[in-house]
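Structure record follows, encoded as C-alpha cells.
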Amino acid sequence: MDVKELLMIAIGSSLVSNVVLSQFLGLCPFLGVSRKTETAVGMGAAVIFVITLASAVTGTIYEYVLKPFDITFLQTIVFILVIAALVQFVEMFLKKFMVGLYQSLGVYLPLITTNCAVLGVALNNVKYEYNVLTGIVNGFATAVGFAIAIVILAGIREKIEYNDIPRSFQGMPIVLITAGLMAIAFFGFAGLL
Amino acid sequence: MTGIITATAVVAAVGLFIGIFLGLAAIQFRVEVDPKEELVLEALPGNNCGGCGFAGCSGLAAAIAKGEARVSACPVGGAEVAGKIAEIMGVESEEMNRMTAFVMCKGTCDKTASDYVYTGVEDCKMVSFVPGGGAKSCNYGCHGYGNCVRACSFDAIHIVDGVALVDKEACTACGRCVEACPKHLIELVPYTAKHLVACSSKDKGPVVMKACQTGCIGCQICKKNCPSDAIEITDFLAKIDYDKCTGCGICEEKCPKKAIV
C-alpha cells in the first residue's frame, strides 16, 4: 500500500464520490445544520472526528471479530452498536479532558450517532475491502468531503437569506434545489481520477 | 445452527463488552456536576420550552444552581416547582406570586358599536392601521383577530365573542401575548387578584358611552366606595392596586357599566 494509492482514495472519496452529493448519505445534518457557516463548521469538525475514529474501530472489529467467527453478515448490526457506543464514549472523554472542544462540538456530537454517513463509511470500507489503515484514510477523506459540502451549502444559504425567493420555493425547497445544483457541480470532479 | 449460536454469542459478547466498557468509562470520566443542579433539573418540568429565557431546562437548572436565576424562574412549573427548587437550594421560597395574563377589555360583539364593516386582513396589527383604528367604535378595545391566540404556546387564550379571553388555569404568564397585542390590552396580573378593570379606554365618559356598553367612563363611583382605597382613576380609567385590594367586591357591585370583573 503506497502513498499514491492512499491519496487516490482520499481524493476519490472526498470529492469525486462525495458522501453527501453523490452517495446521498448524511442528508439530515446536511440540510438541518447548514443554516449558519459557524454551526456547519462545528458539525463538519465533529463528523470528521467521529467518522475517522469509527472507521478505525469498525475496521478493527470487522477484521478481528467478525471475520474469524465468519459472521460478516452481522456487520450492520454490530457497526451500529459500536458506533453508538463510540460516540457515547467520545462524549464522556471530551467532557472530562477537553472541555473546550466538548463545548464547541456541543450538541452535534450526540447528533452524529444517528448520522447514516458514519455507518455508510464503515460499510463502504467493508464493501471495497479496505484494510484498517486504508479504511481510516477513506473515513477521514469522506468526512472531509462532508465538511466541504456542508460548509459550502451553509455559505450559499446565508446569501440566499437576502434574496427575493418566490413564495413556493421559500424555506426547504430552495435549499434542496441548491443542494441538487451543488451535486451537479460536484459531478464535474468525475474526470479527476 | 452453530452459525446462529456463534452470531448470538459474538454479538452478545460485543454488547456486554461495550456495556461494561461504557459503565467503567462513566465512572472513570465522571465530571463533578453540582448535585444541586441535577436535583433542580429533576424538579423542573422538562419540556424544554424555553419560556424562562434559558436554553432548555438544563440551562435554567445550571443558572439556578449558580444562583444566577430565581428559584421561581420557571413560568410553567408555577408555585409548586418553585417550592421544590427553593427546598433544594435551601432558600425561603420567595413570595411566589403566580401571575396570569388578563385582557383589559370586555367589549364583546353585542356590547360594542362598529363604525363600519371590516372585511380585510384578519390580523390585529393590520387592523390598527386601517381608518379609525379598526371597525370598532372604541379605539382602545380588543380587535379580536387573535394575534395573542397565535402567540400563545399553551392554548390559554381564545377569542370569545370577538374579545380575547384568558384561561387562567392554562396560562403560564410567559408574556408572549402581552408582546403580541398591538393595543397593549394584555397585562400580567396576580393569579389571586379578585377584581380587575376590564377596560383600557382613556376616552372621556360620553365617548366611551357611545362606543361600548361596558366601558369604564371614569365616574369615580368605585373609587369613592372602595373601603381600602385601592382604586385610582387616571385618564378617565379606573385602576386597581392589587396590593391594597382586599377583594371585598364592592367596586364590582357598584360599577354602573359593569366594567370591573
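To the nearest 20 debye, what charge dipole does the protein assembly as shown have about its Cα centre, counting +1 at the Cβ of each Lys and Arg and -1 at the Cβ of each Asp and Glu?
Roughly 960 debye, rounded to the nearest 20.
Going down the list B:LYS125/B:LYS239; B:LYS125/B:LYS224; B:LYS36/B:LYS183, which pairs span over 32 Å between their C-alpha atoms?
Flagged as over cut-off: B:LYS125/B:LYS224; B:LYS36/B:LYS183.
Counting only C-alpha contacts under 8 Å and six or more residues apart, can you give the relative contact order of chain A as a whole percent?
Over chain A, the number comes to 43 percent.
Run the helix sum for chain A: -39,500 (n - 2.57) per DSSP H stretch of 4+ residues, divided by residue count, reported at 222 nm to the nearest 500 deg cm²/dmol.
The helix contribution divided over chain A gives -22500 deg cm²/dmol.
Using Cα pairs closer than 8 Å and at least 6 residues apart in sequence, work out the relative contact order for chain B, in percent.
Once divided by the residue count of chain B, the mean separation gives 14 percent.
Taking 0.36 nm per residue of sequence separation and subtracting the Cα-Cα distance, how much length would be gained by fully extending the chain between A:GLU129 and A:LEU176, in nm to one decimal?
Length gained, A:GLU129 through A:LEU176: 13.6 nm.
Could you check the simple spin-label distance between B:LYS239 and A:ARG167, using points 7 Å along Cα→Cβ, in nm with one decimal?
Going from the B:LYS239 label point to the A:ARG167 one covers 4.2 nm.
How much mean residue ellipticity at 222 nm does chain B get from its helices, if each DSSP H run of length 4 or more adds -39500 (n - 2.57) and you divide by all residues, to the nearest 500 deg cm²/dmol?
Counting only the DSSP helices, I get -9500 deg cm²/dmol.
Could you give the DSSP H helices of chain A that reach 24 angstrom or more along their long axis (alpha carbon positions) and whose average Kyte-Doolittle hydropathy is no lower than -1.0?
Result, helices passing both filters: A:37-61, A:75-97, A:132-160.
Relative contact order of the range B:150-220, please, whole-number percent, based on alpha carbon pairs below 8 angstrom and at least 6 residues apart.
Across the range B:150-220, relative contact order equals 18 percent.
What trypsin sites (Lys or Arg not before Pro) does the range B:87-174 have in DSSP loop regions with at most 14 other beta carbons within 10 Å?
Those that pass, being in a loop and sparsely packed, are B:LYS168.
Residues with amide H under 5 Å of B:ALA164's amide H, sequence separation 5 or more or different chain, H placed in the peptide plane at 1.01 Å from N; which?
Excluding prolines and chain starts, which carry no amide H, the hits are B:GLY144.
Using a Förster radius of 60 Å, what is the FRET efficiency between B:ASP167 and B:GLN28 based on their Cβ-Cβ separation? Nearest 0.05, please.
So the FRET efficiency works out to roughly 0.75.
Would you be so kind as to identify all helices of chain B, as entire DSSP H runs, whose Cα atoms reach 18 Å or more along the helix's own axis and whose mean Kyte-Doolittle hydropathy is at least 1.0?
Qualifying helices: B:2-28.
Could you run the Karplus curve 6.51 cos²θ - 1.76 cosθ + 1.60 with θ = phi - 60° over the range A:12-18 and give me ³J(HN,Hα) per residue in whole Hz, x for Gly and Pro?
Whole-Hz 3J(HN,Hα) from phi for the range A:12-18: x, 8, 8, 10, 5, 10, 3.
Sequence-distant or interchain residues sharing an amide H contact under 5 Å with B:ILE157, placed H: which?
B:ASP167
Please compute the modelled spin-label separation between B:LEU16 and A:LYS4, points set 7 Å along Cα→Cβ, answer in nm with one decimal.
It works out to 5.0 nm between the two label points.
Go ahead and run the numbers for FRET between A:PHE97 and A:PHE69, Cβ-Cβ distance against an R0 of 45 Å, rounding to 0.05.
0.85
Taking θ = phi - 60°, what integer Hz values does the Karplus form 6.51 cos²θ - 1.76 cosθ + 1.60 yield along the range B:244-261, in sequence order, with x for Gly and Pro?
With the stated coefficients, the range B:244-261 comes to 8, 4, 9, x, 5, x, 5, 4, 4, 5, 7, 4, x, 9, 6, 8, 9, 10 Hz.
So which GluC sites (Glu not before Pro) in the range B:133-197 pass both tests, a DSSP loop state and at most 10 other Cβ atoms within 10 Å of the Cβ?
Sites meeting the loop and neighbour criteria: B:GLU169.
Can you give the extra length, in nm with one decimal, that the chain gains between B:LYS194 and B:SER228 once fully stretched, where that is 0.36 nm per residue apart less the Cα-Cα distance?
The span from B:LYS194 to B:SER228 would gain 10.8 nm if fully extended.
Within the range B:70-146, list the chymotrypsin sites (Phe, Trp or Tyr not before Pro) lying in a DSSP loop whose Cβ has at most 13 other Cβ atoms in a 10 Å radius.
Loop-located and lightly packed - B:TYR116, B:PHE129.
Bear in mind these aren't lab numbers, they're just calculated from the coordinates by the rules spelled out. Computed from a prediction, not measured in an experiment: that's the story for all the values here. FYI the Cβ positions are ideal-geometry reconstructions off the backbone, even for glycines, and counts take in every protein chain you see.
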